[in-house]
Amino acid sequence: MRLPRFEYVKASTTGEALAALQAGDGQTRILAGGTDLLVNMKYRIERPATVIGIRTIDELCSVTTGSDGSLHLGAGVTLSSLAENSLIKESCPGLGRAITAVGSKHIRNMGTIGGNACLNTRCWYYNQSQLWRDAREVCRKAGGNVCHAINGSERCHAINSSDTAPMLVALDAEMVIQNREGERRVLAREFYRNDGVRYNALEPEEMLSRIEIPRGNTERRTAFIKICSRRGLDFAMANIGAAVSVKAGRCSQVRIVIGAIASHPLILEKTAAVVEEGGLSEGGMEQAADTARTELGTLTNLFSSAGYKRQLAQVLVKRVLQELKGSSRNKRRAGK
Amino acid sequence: MKRMITLQVNGDTCEVAVEPWHTLLDVLRDQLRLTGTKKSCGIGTCGVCTVIMDGLAILSCLKLAIESQGHDITTIEGLGSADELDPVQQSFIEHGAIQCGFCTPGVIMSARALLDKNPQPSDEDVREALSGTFCRCTGHIKTIEAVKHAAEKQAGAGGTSDGQ
């Protein structure tokens, strides 16, 4: 497959990139690693008139620690360099796991954290060749007004398959968004929208420049699990990111977020409440997993059936809680 | 409009005129005639187009040529010579890790990038490094064995004192 034609603008500073974005009148896309955008362009799903290259913008490529101890990840840092980052390994290993779950080694060498956080939503009826798509009515995601995934639906149900998104939501990360007027901050949980077309809070003239992860207290534990049909180079059938503070057997600040089954990462609030109450006992975990199954809302049957997704959610919640419990045990052992 | 760019490929400096939508793979194959790097899926799922850029295995089908300027690029043609193959190439032959050969340049470049960074990889490291490559005939066990063997041989040639 060949790329469609486009103009290329190399941006050396964030200011240049934002100026080009605004001048582009919505027909412009930011190119970072290219592992999502260029694929979609080859499929003729995206046809930007102008592509803005941001790989040489230094300010997007750094990992720093804020004065409050928060971790600042430049949107242009590659996934493989983040995977080796000792700050992430120490303070939020769950995020490290989510990062190494993305694609293959090659994809991670190219793809960036900002790109994965802004991953385009995907659908069985959309991520197909032009020839395939032409055989059906134009769907909502492609600018039409039907949804083939759920007939009669008022919105697009394309799925957010990002591996880092659920973990970023679980970590209460803040997305720093820039436009020509300045910057604004959006919590990851509000950044993602339950709409396959407008799947995040970015406006056409804006770009994600940084992701900030709050320090969290010393009792914070994080975990991430992905289920897919192959271990490498596959989008998740479902994934889960969780963060919890464990102190003297009590769980607080519980965040359990399921990804890749809806248009945005689903925050399981009832399940989290069960964990806060019941802790990480066998019975408590069992009860939390049962709760997860019931709080997913309406699911579509894209890629895998709705029933199977509920089962995945149940299993994932249990596994992730066991992992969180295990990490506390390891810590005790290491402390001896 | 075509632009002139300068690429550093296998130690040579090459000037080529490219359109913005030309990928590095297009330029390597069609303009520089370095057809050792293969083109297959074009969407980053098969790994046959793998080249090494600044020490990292990357997919040349998803890299714009225009963004490849100023980077050190190595293709399969840059490994070894006709008389003396790269240890990874030699090991692939010895272990029968090749059948039709189409995926081989990509797998070898992925393995080379791994061994340059990590001369003594574990099984898991090798599997991770090759996770983005697909072989549809030999399978993946022999390639993994070949890479492990190449690593051992390389360590031996490096004059380790443990008698290997």
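Values in this text are rule-based calculations from the coordinates and carry no lab data. Just so we're clear, the structure is a prediction, and the values are computed from it rather than from any experiment. Here the Cβ is made from the backbone with ideal geometry for all residues, glycine too, and neighbour counts use every protein chain on show.
Structure notes:
- The stretch B:1-39 versus the stretch A:1-70: alpha-carbon centroid distance in Å: 22
- Residue exposure sequence - A:Leu73, A:Leu233 - by fewest surrounding Cβ within 10 Å: A:Leu233, A:Leu73
- In degrees, nearest ten, helix B:141-157 long axis to first principal axis of chain B (Cα): 80
- Quarter of the Cα convex hull surface for the stretch A:171-248, i.e. its orientation-mean projected area (nm²): 7.5
- Summed over qualifying helices (DSSP H, 4 residues or more, each -39500 (n - 2.57)) and divided by its residue number, the protein assembly as shown shows a 222 nm mean residue ellipticity of -9500 deg cm²/dmol.
- Sparsely packed loop sites in the stretch A:81-183 (the GluC sites (Glu not before Pro) outside DSSP H, G, I, E and B with at most 14 other Cβ atoms within 10 Å) comprise A:Glu84, A:Glu137, A:Glu154, A:Glu181.
- Counting neighbouring Cβ atoms within 10 Å and putting the fewest first, the residues A:Tyr192, A:Tyr43 line up as A:Tyr43, A:Tyr192.
- Nearby lysines by direct alpha-carbon distance to A:Lys89 (threshold 22 angstrom, same-chain neighbours under 8 apart not counted): A:Lys105, A:Lys226, A:Lys247, A:Lys325, A:Lys331, A:Lys336, B:Lys117
- FRET E, pair B:Lys2, B:Glu84, Förster distance 35 Å, beta-carbon r, rounded to 0.05: 0.35
- The order of B:Ile58, A:Ile227, going from fewest to most other C-beta atoms within 10 Å of their C-beta, is A:Ile227, B:Ile58.
- Of the DSSP H helices in chain A, those whose Cα atoms cover at least 24 Å axially and whose Kyte score averages -1.0 or more: A:306-335
- Three-way shape label, the stretch A:51-162, alpha-carbon gyration tensor, a/c 1.5: prolate
- Inter-probe distance in nm under a simple model that places probes 7 Å from Cα toward Cβ, at A:Lys89 and A:Ser12: 3.6
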